[in-house]
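Notes follow once the structure below has been shown.
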Amino acid sequence: MTDLFGELEAKGFQVEFRSHARAILSVDFPDAAAELVEALASTTIPIEEIIAGGGGEAKGTQRLRRALDGLGWRKMQFVVEKRINGVQSEAQSHEVDHVREFGEQGRIALEIEWNNKDPFYDRDLENYKRLHADGAISVGLIVTRGRSLHDNMRGLVRRFLDERGIDDLGGLVEWGYEPTSRQRKAIQARMDNARNPQTFREAFTAKFVSDKFGEATTHWRKLDDRLRRGVGNPCPLILIGLPDSIVTFGEGKAALEEVERAEAEIDAEEAA
């Protein structure tokens, strides 16, 4: 099991265990690590998808969810009831996006926090704490942006602009980026700053990353802050940070369109 997670770490993933989670996984859930590595090791996010963005969940996260779902890690609604003399007095529900059941050994819960507001960590960790205390899960997992991915996001966006020679917002239209009027004004203001004028690439990179992947979003340091405060204790936890190496360059529009067509066909088959 350790060697399997070593494969992820060799690819730059951060892997951290809390409250004996490593021992529990190796003894009670020997197949879980292999499934996680299978789903995570092949995870990639083309830089074009990060630029295009838009509403809803990132396509890279959707692909990871499909991979996990295909391995049996499916959404589950937990309902915990309190009864007095057979009469329900209280009920709480907890929905977890990915749960893997292993018969009598128990269950493992997993949440992906690619780019939510950071209070989502409080929700996930408190859910895990309650579910573990009630015997509903044995281990909780959180997959999120690792340090290298969060810290190097500006470098990744700037590389995209440099490689494609983009020097104005018009050059981003074909890649699916549609700025709001507020974003346009903010970028222009950075370029027009009398004391410290920025080039378009500098201004766009700074504004885009601060808007979309700012410090108040879900990334490793925000998760670590909560763990240091004891949020979620004593539930055994496995924390996995996605590295900057999952961001790929060079696919181009044709390749992305082919991926989108394939994913649309999968969506149609699942809806049928």
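The values are calculated or read from the model by the stated rules, or taken from the named source; none is laboratory data. Model, not experiment: these values are computed from the prediction. For neighbour counting, all protein chains shown are included, and Cβ atoms are generated from backbone atoms with ideal geometry for every residue, glycine included.
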Legend entry - Evaluation of R190 against (1) part of a helix (DSSP H, G or I); (2) over 26 Å from the mean Cα position of the chain (by Cα); (3) surrounded by fewer than 17 Cβ atoms within 10 Å (Cβ to Cβ); (4) not hydrophobic (A, V, I, L, M, F, W, C) (one fails), failing number: (3)
Legend entry - Checking I187 against (1) at pLDDT 95 or above; (2) touching a Ser or Thr at 6+ places or on another chain (Cβ under 9 Å); (3) not charged (D, E, K, R), the condition it does not meet: (2)
Inset, instruction - Return the pairs, sorted by first residue and then second, in which the second residue is aromatic (F, W, Y) and outside any loop (DSSP other than H, G, I, E, B), the first residue lies in region 205-232 and is farther than 15 Å from R158 by Cβ and touching a residue at least 40 places away in the same chain (Cβ under 8 Å), the beta carbons are less than 8 Å apart, and the residues are 6+ apart or on different chains. - result: T218/F120; T218/Y121; K222/Y121; L223/Y121; R226/Y121; V231/Y121; G232/Y128
Inset, instruction - Check V139, V79 and return the single one that is at pLDDT 95 or above and either over 20 Å from the mean Cα position of the chain (by Cα) or crowded, with 18+ Cβ neighbours inside 10 Å (or both). - result: V139
Legend entry - Residues located in region 131-177, provided they are of a type in the set (D, E) and either in contact with a helix residue (DSSP H, G or I) (Cβ under 6 Å, 6 or more places away or on another chain) or closer than 19 Å to K207 by Cβ (or both): D151, D162, D167, D168
Legend entry - Residues that are surrounded by 12 or more Cβ atoms within 10 Å (Cβ to Cβ) and of a type in the set (K, R), drawn from region 151-184: R154, R158, R159, R164, R184
Legend entry - Of all residues in region 73-100 being without any contact (Cβ under 8 Å) to a residue 12 or more places away in the chain and small (G, A, S), the one that is farthest from L239 (Cα to Cα): G86
Inset, instruction - Using the structure shown, decide if I166 is at pLDDT 95 or above and either among the basic types (K, R) or in a helix (DSSP H, G or I) (or both). - result: no
Inset, instruction - Evaluate the following for G103: is it loosely packed, with under 13 Cβ neighbours inside 10 Å, free of Cβ contacts under 8 Å to residues at least 40 places away in the same chain and more than 16 Å from the chain's Cα centre (by Cα)? - result: yes
Legend entry - Residue under evaluation A41, criteria (1) crowded, with 16+ Cβ neighbours inside 10 Å; (2) aliphatic (A, V, I, L, M); (3) within 30 Å of F208 (Cβ to Cβ), criterion not met: (1)
Inset, instruction - Return the only residue of D224, D211 being part of a helix (DSSP H, G or I), surrounded by 12 or more Cβ atoms within 10 Å (Cβ to Cβ) and modelled with pLDDT under 95. - result: D211
Legend entry - Hey, G232 in contact with a Gly (Cβ under 9 Å, 6 or more places away or on another chain), outside any strand (DSSP E or B) and farther than 25 Å from W114 by Cα or not: no
Inset, instruction - Filter region 234-252 down to residues that are surrounded by fewer than 16 Cβ atoms within 10 Å (Cβ to Cβ), modelled with pLDDT of 95 or more and farther than 14 Å from G12 by Cα, then give me how many there are. - result: 1
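Condition check ((1) over 28 Å from V37 (Cβ atoms); (2) crowded, with 16+ Cβ neighbours inside 10 Å; (3) out of contact with any Lys or Arg (no Cβ under 8 Å at 6 or more places or on another chain)) across all residues:
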residue	(1), (2), (3)
A91	yes, no, no
R107	no, yes, no
R145	no, yes, yes
L149	no, yes, yes
